[in-house]
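Have a look at the structure below before the remarks.
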Amino acid sequence: MLEFFQAAFQPMNIVLSVLMILIAFYWVTVVLGALDMDFLDFDVDVDADVDIDVDVDVDMDVDADVDADMDTDLDGGGGVGILAMLGWFNLGKVPFMIFLSIVIFTMWMSSILVNHYAENTTTWIALLLYVPIFLFALFIAKMVTTPMVPLFEKLNFKGEKSVDLEGRVCTVMLSLKDKKMGQGELFVGDKNFLISIVSIDGVPIKKGEQVVIVEKKEDYYLVDRMEDRIES
């Protein structure tokens with residue numbers, strides 16, 4: 001055990017050891033109640049297969065209207081961006097600090113073991129090894145957090161029950177067209193929700209229009225125009 005701690009504080013591993021100490025301090029304070037679990041947590045809103053379309057309309061009267069729509073192609077035709085990659089690693093599906101803790105712990109242990117068995121005592125080589133070790137840690141974090149995803153789908157990060165949004169009215173924040181994904185906003189009590197939405201019949205819906213949430217899918221909600229609901 002003494003040999004392990006000596007290796008942990010050698011120059012090749014000292015950076016990750018300090019990060020590991022900070023992570024351990026964070027969780028101790030959480031357990032003792034000094035901090036909430038969502039302290040230092042970040043909300044990562046990710047959707048798979050992100051296809052970004054930017055439409056710029058310039059009025060000749062020097063007034064410029066810029067309409068930037070970020071849509072998700074549900075048929076899988078869009079390019080996979082950074083957000084999609086983060087979503088694949090379960091970021092945004094589990095609390096950020098849980099994911100980060102697993103990554104840092106995996107990197108820390110891997111760095112100590114690799115440098116020990118490779119008999120490496122050169123700091124710059126150890127720093128170069130951080131790249132493959134980081135990638136390895138991401139996949140380990142993916143494996144460890146995947147069983148947690150169903151739990152956090154039923155509970156939000158503060159442990160409260162999720163809110164049923166079906167039948168509620170929301171405002172379109174990113175316009176909808178065809179079967180591509182946009183974004184809607186609504187308030188339930190004092191809580192604000194930003195949700196991924198798709199037009200139920202593929203009819204275009206402009207930003208600012210109000211729609212009714214019809215059905216919840218795995219990663220998004222189907223919505224319909226208010227007037228269509230009234231007419232039916």
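Brief remarks follow.
- Within segment 212-225, residues that are touching a residue at least 40 places away in the same chain (Cβ under 8 Å) and of a type in the set (Lys, Arg) have Cβ atoms under 9 Å from residues that are part of a strand (DSSP E or B) and surrounded by fewer than 19 Cβ atoms within 10 Å (Cβ to Cβ) in these pairs: Lys216/Leu222, counting only partners at least 6 apart in sequence or on another chain.
- Of the strands (runs of 3 or more DSSP E) entirely within segment 175-232, those holding at least 1 residues that are surrounded by fewer than 15 Cβ atoms within 10 Å (Cβ to Cβ) and within 22 Å of the chain's Cα centre (by Cα) occupy 180-188, 191-199, 210-216.
- Test: residue in segment 94-102 that is more than 29 Å from Leu19 (Cβ to Cβ), among the hydrophobic types (A, V, I, L, M, F, W, C) and either modelled with pLDDT under 90 or not assigned by TED's automatic domain parsing to the domain that holds Ile14 (or both): no
The values are calculated or read from the model by the stated rules, or taken from the named source; none is laboratory data. Just so we're clear, the structure is a prediction, and the values are computed from it rather than from any experiment. Here the Cβ is made from the backbone with ideal geometry for all residues, glycine too, and neighbour counts use every protein chain on show.
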